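Input: a single structure, listed below in C-alpha cells.
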Amino acid sequence: MDIFLVWVDIFRNWLTAGIGVPALAAEIFIKIILVLIVIVFVCCNLIVLVWLERKFSAFYAMRRGPNRLGPAGFFQFPVDIVKMLAKEDIIPKAADLPVFKTASICAFITAILAWAVIPLGKGLVLEDLNIGIFYFIAIGSTGTIAFIMAGFGSNNKYSLLGGMRTAAQMISYEIPMAFSLLGVVMLTGSLNLSDINDAQRNVWFVFPQILAFLCYFISSIAETNRAPLDLSEGEQELVAGYFLEYSGIRYSLFMVAEYAHLVAVSAIASIMFLGGWNPLFGLTFIPGFVWMMLKIYFMIFLFMWMRWTFPRVRIENLMHFGWKVLIPVSLLNIFLTSIGLYVFQAITG
Amino acid sequence: MTMAVMFYIIAFVTLGSALMMVISKNIFHSALLMLISFIGVAAVYILLHADFLAAVQVLVYAGAITVFIVFGIMFTMKGEPRKTNPFSQNAIPAAVLILLFIVINAVTVIKTVWPFSNIAPPETTAKAIGDLMLTKYVVGFEVTAVLLLTAMVGAIVIVKGVKKSS
Amino acid sequence: MFDFALNNAWLIPLLPALAFGIITLFTKKMIKLSASISIGAILISFVLSVILGIELIGQGDTFLEHPYKAVVTWFSMPGLSIEVGTLIDNISVMMLLVVTFITSLVQIYSLGYMRGDPGLARFFAYVSLFAASMLGLVIAPNLLIMFVFWELVGLCSYLLIGFWYGKISASAAAKKAFITCRAGDFGLLLGIILLQINFGTLDLQQLSVMIPNFTQYTGLTAVGLTVIAIILFLGPMAKSGQFPFHVWLPDAMEGPTPVSALIHAATMVVAGVYLVGRILTLFITLPSALLFVAIIGAFTALFAATIAITQTEMKKILAYSTISQLGYMMLALGAASLTASMFHLMTHAFFKALLFLGAGCVLHAMHNEASIWKYGGLRKYMPVTYWTFLIGCLAIAGIFPFAGFFSKDLIMEVTFAASSLSGHAHGPFPVAYTVLFLMAALTAFLTAFYMFRMFFICFHGELRSKEVQPHEAPKVMTVPLIILGIFSIISGWVGWPGLGEGQAFGYFVRLGEFQVMEANWLLIILSTLLALFGIGLAALFYWKKSFSPQAVIERVPFLYKLSYNKYYIDEFYLWIIHNIIDKCGWLLWKFDIYVIDGIVNGFGKMAQWGGAVMRKVQTGQLQHYALIFFMGIVLMLLLLSFTGVHSPAIGLMGGAK
Amino acid sequence: MIDIFMDKFLTIGLEHFLILSGTLFFIGLFAVLAKKNVIAVLMGIEIMFTSVNINLIAFNRYTAAEALLTGHVFAIFVIALAAAEVAVGLALIISIYRQRTSTDVQDFDWLKW
C-alpha cells in the first residue's frame, strides 16, 4: 500500500546493513534526499505550470501562446530557465546587500518549507505532523517577511511599497484563510492532514464547508499574490513591486517560490476540501497520488482561470474585502459549523 | 547526545541573533535578527516537545509581530539606514549590569536543586492545550480575547485619532 | 400662641436674617419691595417678642428663676461643647422688646428719611442684618455664640456707618469704629477663652452657677479671676464706647441718622452693657472688678458730659450724651445693680432714639446743616419735632415724670447705697463709691445743661441760617417720634418706687433677691434740683441771654479748648499711632524683610539649590530610571546571595541557597 | 570532576533551558536599557516576552506534577499579551513620531518637566 514508505525502508536498510552507515547519519542522509526529491518535484511542477499558464493566458486572450519549442511550445520554459541562470545577477549599489541577497532565498525556503507536511498520497509526506495544517498556516505567515526583505533590501521606493503592500495583504488574508480552515478542523477534530484526508472518505468537505471553501479560495489567491489580487506587483503603478531590482537567478527563485506556493495552496485545498487522494466514483484502481495530482491541477486551473478573467482590484478594495467581508464570513462559517456539529452530535448521540 | 548538539546549536543561533539584534546599527537588520531569534526559540520549544507552541511562536512572533515591527520601522525610519539604531550613553553601564545579571542568573539556576518529576510529555499537545484552555482556564481565555480586542481598538484609536464630530 | 412664640424664639432673629438674604440676593433692584420685606420681618419679630413679653409678665419671675433654653449641639470636642439655640428669660425678652420695637420704628422712620436714596434696598438689608445679629446676641445661650453675633453686630455697624461710602469721612469713621471695636473684642475673646479654659464651659447659666464658687471649680485666685474679668470687660468697653475706647462713637455719626438712632444710641452700643449684665455674677463675685466697672462708667459719664457742653453739632452732642448715659449704665452695673442698669438701658433707648430721630428731622429740615449755630427758632417751623424733642430732653435731664427721671434716680440710688454717705454701705469700697456718686451727680447736672443748651439754641430765638426754609417732617417720620415720645414719658413709671412683686421693673429684671425699692426723697430732690439747675443755667445763657457764654469761655479758655477738642484724645491716639506704632511697625517691617524673609528666602534658595542638584538625577529619560531600577535589583540580589539571608524574596527569585 | 561537568554539560536538562531563557531575557533587557531607537526597545521587550515563555514551558516539561499543559496555556496567554502589547506599543510610537518626528527615546523626556 504505502509504496513510498516501502522504498524508503529498503533504501535505509541498504544504507545501514548494506554499506554500514551509522543509523543517525543514514537518517539524516535519507531526510536530505527526501527534501531534494520534494524540491525537484516542485520544480518539475513549475515547468508544467509555467507552460500551462502561458497557454491559458493565450487561450483567454485568444492567442496561440508559446508554440515554437517542442510540442505546443512546451520547451519554452526550460530554455527560459537556462537564459535566466546565464544572466548577470545585477545588484543595485544602494541595496542593503545581506538583506537583498537573502530575501530571494528566504522566499524560496518559506515556500518549500510548507511542503514538509503536505501529503501527496498515503504516507507520501516528509513529516506527518500532528499539527500539520497549523504548521502550514504558520509557515505561510513567515513568507511575508521575505517580501518585505526584498522590498526593503532593494532600496527602491517601488520595491518598498510593493513589499509593504504584500505584507499588509498577506497578513490581512491570513486570518480568513486560517478561519476557513478551522471549519474543517472542527469537523474532523484533528490538525493532522492525513487524518483530515481520511475523514473525507464519504463526503468531501467542500459540500458542508462551501463558505469556507470560497473564503479559502479567495484568500489563497491573495496569499499567493496572484491576479486579480496581485497588488504587490502592480505593473502599472509599482513597475514590478518587490522584485523590481532582481534579475537572473534571484528573480527565478521568486518565480519558483510563487509557483511552489501556488501548488502548496492547491494541495492544501484539495486535501482540506476536495477529499485529497480519496478516489472519485469508487475508481480505486487509480492510485491516490494520481487523484491528488488531478485535484491539485483542477485547483490550479481554477486559479489560472481567475487570474486571466478578472481585472486587478484596487488596494483599498482589497483590504475592505478582506476585513469586512471575508473575515466575517469565515467567522460565520465557524459559527454555523459549530451549530451544525452540535445538532449532529445531538441527533446521533 | 543528539539532543545536546541540537540544543547548543539552537541556543547559539538564538542567543547570537538576539545579541546581534542588540548590537546591529541598522534597525531593519535588528528586526530580521530578532526574527531569527524567535525562530530559534520556536526550535527550543520543539526540543521541549511543545510543537503546537512552536507553531504558535512562528505564527505570532515571526508572522505577525515581526511584520508589525517592520511596519513600525518603515513608518518611522529616516536618514541613513546604517545609523538608525545607535546605542545610548548608558550602554556601558547597562552592559556591565546585564553581564552581572546573566552571571547571577546562571549561578542561581545551577545552585538550586530543582524538584524534577519528568513525566513523559503528551503526544498531542494541541488537544490537551485546547481542553485546558476551554475548561480550567476558560476565564483567562475569554479575558485574553477581550484584551486582544481592546488592544486592537486602542491601537486603532491611538493611531487614527478620534474625530471631533458634533 | 405663647408656646409657639417660646418654642420658636429662634424665628425672631431668623426673620430679619431671611429678609437680609432675600433683599441681597433677589430684590435689591426693587426698593419698595425690599423695604416692605425688611419692615414686615421686623414687625413679625416684634409681634413674637410682644407675645413673649406679655406672657412673661403674666408669669412673674418664673422665667427669671428657670430660663427657657432650647439648644442643639453645634460642635463638641473634649473640653469644649458649644450649643446653639435660644435662652429666653426676662432680661433677654426685655431686650428683644426694646430692640424689635426701636428697630421697627426706625425702619418706618427711614422710609421717610432715606427717601430717594439710591442705596435704600442696601440700607434695609443692612438694618435687617443688624436686627438679626442684635436679636441673636440677645438670646444667645452661651458666650461664644454671643461673641459671634457680637462681631456680626460690629460688622453691621461698620457697614452702616460707611453706608455712604463715597464720603471719605464716612468710610474713615467706619474703619475707625471697626478697628476700635476690634481692639476691645480681642480682650473679650481672650476673656472668653480664659473662661473656657478655666471653667470648661461657656454656657451662661452654668457660668452663673460656677463663678460664685470659682475656687471649687478652678485653681484660680481672686486676683486671677479679676484679671480675666477686666480683660473680658475690654470688649464691652469698646462696644459701649467707654473711655478710652469712646473715640469711635462720635465719628460714627457719619452714618445715616436712623442708623445713629438705632445702632449708636439705642441698641448696639448697649450690647456691652447687656453682656456685662449677662455675666454680672462674675463681677459681683469680684468687688475689685466691680469697682473697675463702676469707675470706668462714672468717669466716662462725666468725661463725655464735659465734652458735650462745648460741641456745636447736634449729632455729636447726642453722641457724647450717649457715651455719658452708657457710662451711667456701667456705673449702675458697677454698683452691682442689674435692675438699674437695664432700666436705664430701656428708658435711654426710648428717649435717645427719640432725640436722634428728632435730630434727624431737624437735619432733614435744615438740609443736613450740621452746626447748631446755624439753627434757631425751629419751634415755629416744626412743632411736632419741637415738642417731642422737648420730651426727650426732659427725659434725659431726669425731670419728673419723664422716663429718665426714674432710671437715673435708680442709678444714683444704687450708687449712693454703695457709698459711705448712705451710712449703711455694703461692699468693700464705700469711699470710692462716694466719689463715684458725686461724679454721677455732677454728670446729671451737666447733662441737663448741655441738652438744654442745644435745645434752646436750636429751637428758640431766631433762625440764623438764611439759606434754608425749615419745614415739618412728613408723617412717616413724625409718627415714630410721637410714639417714642409717649414711651419716653410712660416707660419710666414701671420703676415707680414702692411697686411690689409682679409690678415693679425691678421684680422682673433683677439679679438676686427682689427688694421693694423705697423712695429716697433726699436723692430725688437732689437730682431734680441739679437737673433744674442745669436747665435754668442753660436757659439763662442761651434763651434769655442773661449771661454771655463767650465771657465764660474767655475766663477759662484752656478748659474750653480742652473740652471743645475732646481732651485731644484723638490727637493723642494719632500721635501714638504715628510715633510709636508706626515706628514699631517700621522696626518689625525691617525685621520681617531681613530676618524672616531672609530665613524664608533661604529655605527657598536651599530648595532651589537642592533642586538644581537633584534635577541632574531626574533626566526624564525612562531608560535611566530603568537602568537605576535594575541596578537596585542587582544590588539586592548580590546582598541577599552573599549575606545568606533566607528571606522569602530569594525564595521567590529562585531559591538560591 | 570533569566527568561530572561533562555529564551536566551534555545531558540537557531544566537548568540549560533556564540559563538560555535567562540569558535571552537579559539580552532583551540590554536592548531596552541601551538602545536609542524606541522600536529597538520594543524589540527588546518582545525578546523578553519570548524568553519568559521558554521558562514556562521548560518548567512544565520538567517539574510539572501531573501531565498537564498549564505552562503551555500560560505561554499562549503570554504570546497573546505580547501581540496586544506590540500593537498598542507601535500605535503609541507612531503617534509620538507624528508629533515629535523622532523615535529617539532620549527625545521622549516629558517626564522631566
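The values are calculated or read from the model by the stated rules, or taken from the named source; none is laboratory data. All values derive from a computational prediction rather than experimental measurement. Here the Cβ is made from the backbone with ideal geometry for all residues, glycine too, and neighbour counts use every protein chain on show.
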- Query: Which pairs have Cβ atoms under 7 Å, sit 6 or more apart or on different chains, and link a residue in the stretch A:195-206 that is free of Cβ contacts under 8 Å to residues at least 12 places away in the same chain to one that is surrounded by fewer than 20 Cβ atoms within 10 Å (Cβ to Cβ)?
  - Reply: A:195/A:188
- Task: Answer yes or no: is there a residue in the stretch B:4-20 that is within 11 Å of chain A (Cβ to nearest Cβ) and within 18 Å of the chain's Cα centre (by Cα).
- Result: no
- Query: Do we have any residue at all in the stretch C:371-390 that's closer than 19 Å to residue C:530 by Cα and in contact (Cβ under 8 Å) with a residue 24 or more places away in the chain?
  - Reply: yes
- Message: Can you report the number of residues in the stretch C:531-555 which are touching a helix residue (DSSP H, G or I) at 6+ places or on another chain (Cβ under 9 Å) and either hydrophobic (A, V, I, L, M, F, W, C) or part of a helix (DSSP H, G or I) (or both)?
- Response: 17
- Task: Looking only at the stretch A:69-81, decide whether some residue is touching a residue at least 60 places away in the same chain (Cβ under 8 Å) and not assigned by TED's automatic domain parsing to the domain that holds residue A:155.
- Result: yes
- Task: Report yes if some residue within the stretch A:93-107 is surrounded by fewer than 24 Cβ atoms within 10 Å (Cβ to Cβ) and out of contact with any helix residue (DSSP H, G or I) (no Cβ under 9 Å at 6 or more places or on another chain); otherwise report no.
- Result: yes
- Message: With the structure loaded, tell me whether residue D:25 is more than 7 Å from chain B (Cβ to nearest Cβ), of a type outside the set (Gly, Ala, Ser) and either more than 13 Å from the chain's Cα centre (by Cα) or on the phi > 0 side of the Ramachandran plot (or both) or whether it fails that test.
- Response: no
- Condition broken by residue B:102, with the remaining ones in (1) more than 7 Å from chain D (Cβ to nearest Cβ); (2) in a helix (DSSP H, G or I); (3) more than 30 Å from residue D:98 (Cα to Cα) satisfied: (1)
- Message: Condition first: in contact with a Lys or Arg (Cβ under 6 Å, 6 or more places away or on another chain), in a helix (DSSP H, G or I) and under 30 Å from residue C:363 (Cα atoms). Can you find one or more residues in the stretch C:233-250 that meet it?
- Response: yes
- Query: Of all helices (runs of 4 or more DSSP H) completely enclosed by the stretch C:556-627, which ones contain at least 1 residues that are closer than 30 Å to residue D:32 by Cβ?
  - Reply: C:597-614
- Item | Cβ-Cβ under 9 Å pairs, at least 6 apart or on other chains, the stretch C:26-50 side under 22 Å from residue C:3 (Cα atoms), far side surrounded by fewer than 16 Cβ atoms within 10 Å (Cβ to Cβ) | C:41/C:18; C:48/C:4; C:48/C:8
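Yes/no matrix, rows are residues, columns are (1) more than 7 Å from every other protein chain (Cβ to nearest Cβ); (2) part of a helix (DSSP H, G or I); (3) small (Gly, Ala, Ser):
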{"residue": "B:54", "(1), (2), (3)": "yes, yes, yes"}
{"residue": "B:61", "(1), (2), (3)": "no, yes, no"}
{"residue": "B:74", "(1), (2), (3)": "no, yes, no"}
{"residue": "B:96", "(1), (2), (3)": "yes, yes, no"}
{"residue": "B:115", "(1), (2), (3)": "no, no, no"}
{"residue": "B:132", "(1), (2), (3)": "no, yes, no"}
{"residue": "B:151", "(1), (2), (3)": "no, yes, yes"}
{"residue": "B:155", "(1), (2), (3)": "no, yes, yes"}
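Let's see how each residue does on (1) under 28 Å from residue A:111 (Cα atoms); (2) of a type in the set (A, V, I, L, M, F, W, C); (3) at pLDDT below 80:
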{"residue": "A:11", "(1), (2), (3)": "yes, yes, no"}
{"residue": "A:22", "(1), (2), (3)": "no, no, no"}
{"residue": "A:35", "(1), (2), (3)": "yes, yes, no"}
{"residue": "A:47", "(1), (2), (3)": "yes, yes, no"}
{"residue": "A:66", "(1), (2), (3)": "yes, no, no"}
{"residue": "A:71", "(1), (2), (3)": "no, no, no"}
{"residue": "A:83", "(1), (2), (3)": "yes, no, no"}
{"residue": "A:90", "(1), (2), (3)": "yes, yes, no"}
- Query: Just for the stretch A:114-132: of the residues that are of a type in the set (A, V, I, L, M, F, W, C) and out of contact with any helix residue (DSSP H, G or I) (no Cβ under 6 Å at 6 or more places or on another chain), which one is farthest from the other protein chains (Cβ to nearest Cβ)?
  - Reply: A:125
- Message: Looking at A:187, A:181, can you tell me which residue is buried (at least 24 other Cβ atoms within 10 Å of the Cβ), at pLDDT 85 or above and under 16 Å from residue A:212 (Cα atoms)?
- Response: A:181
- Please determine, by comparing only the residues of the stretch C:26-58 that are surrounded by 15 or more Cβ atoms within 10 Å (Cβ to Cβ) and outside any helix (DSSP H, G or I), which one is modelled with the lowest pLDDT. C:28
- Item | In the stretch A:207-220, the residues that are of a type in the set (A, V, I, L, M, F, W, C) and in contact with a helix residue (DSSP H, G or I) (Cβ under 6 Å, 6 or more places away or on another chain) | A:211, A:212, A:215
- Of all residues in the stretch C:192-222, which are touching a residue at least 40 places away in the same chain (Cβ under 8 Å), more than 19 Å from the chain's Cα centre (by Cα) and closer than 19 Å to residue C:290 by Cβ? C:195, C:207, C:208, C:211, C:212, C:214, C:222
- Message: Checking residue B:138 against (1) more than 7 Å from every other protein chain (Cβ to nearest Cβ); (2) within 22 Å of the chain's Cα centre (by Cα); (3) among the aliphatic types (A, V, I, L, M): exactly one of these is not met. Which one?
- Response: (2)
- Message: If I filter the stretch C:636-654 for residues that are under 30 Å from residue D:21 (Cα atoms), part of a helix (DSSP H, G or I) and at pLDDT 80 or above, do I get at least one hit?
- Response: yes
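Every residue, every condition in (1) surrounded by fewer than 17 Cβ atoms within 10 Å (Cβ to Cβ); (2) among the aromatic types (Phe, Trp, Tyr); (3) out of contact with any Lys or Arg (no Cβ under 8 Å at 6 or more places or on another chain); (4) within 14 Å of chain C (Cβ to nearest Cβ), yes or no:
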{"position": "D:62", "(1), (2), (3), (4)": "no, yes, yes, no"}
{"position": "D:74", "(1), (2), (3), (4)": "no, yes, yes, no"}
{"position": "D:77", "(1), (2), (3), (4)": "no, yes, yes, no"}
{"position": "D:84", "(1), (2), (3), (4)": "no, no, yes, no"}
{"position": "D:91", "(1), (2), (3), (4)": "no, no, yes, no"}
{"position": "D:100", "(1), (2), (3), (4)": "yes, no, yes, yes"}
- For residue B:24, state whether it is under 17 Å from residue D:37 (Cα atoms), hydroxyl-bearing (Ser, Thr, Tyr) and either at the interface with chain A (Cβ under 10 Å from one of its Cβ atoms) or touching a residue at least 60 places away in the same chain (Cβ under 8 Å) (or both). yes
- Kindly check whether there is at least one residue in the stretch C:477-497 that is surrounded by fewer than 16 Cβ atoms within 10 Å (Cβ to Cβ), aromatic (Phe, Trp, Tyr), touching a residue at least 24 places away in the same chain (Cβ under 8 Å) and part of a loop (DSSP other than H, G, I, E, B). yes
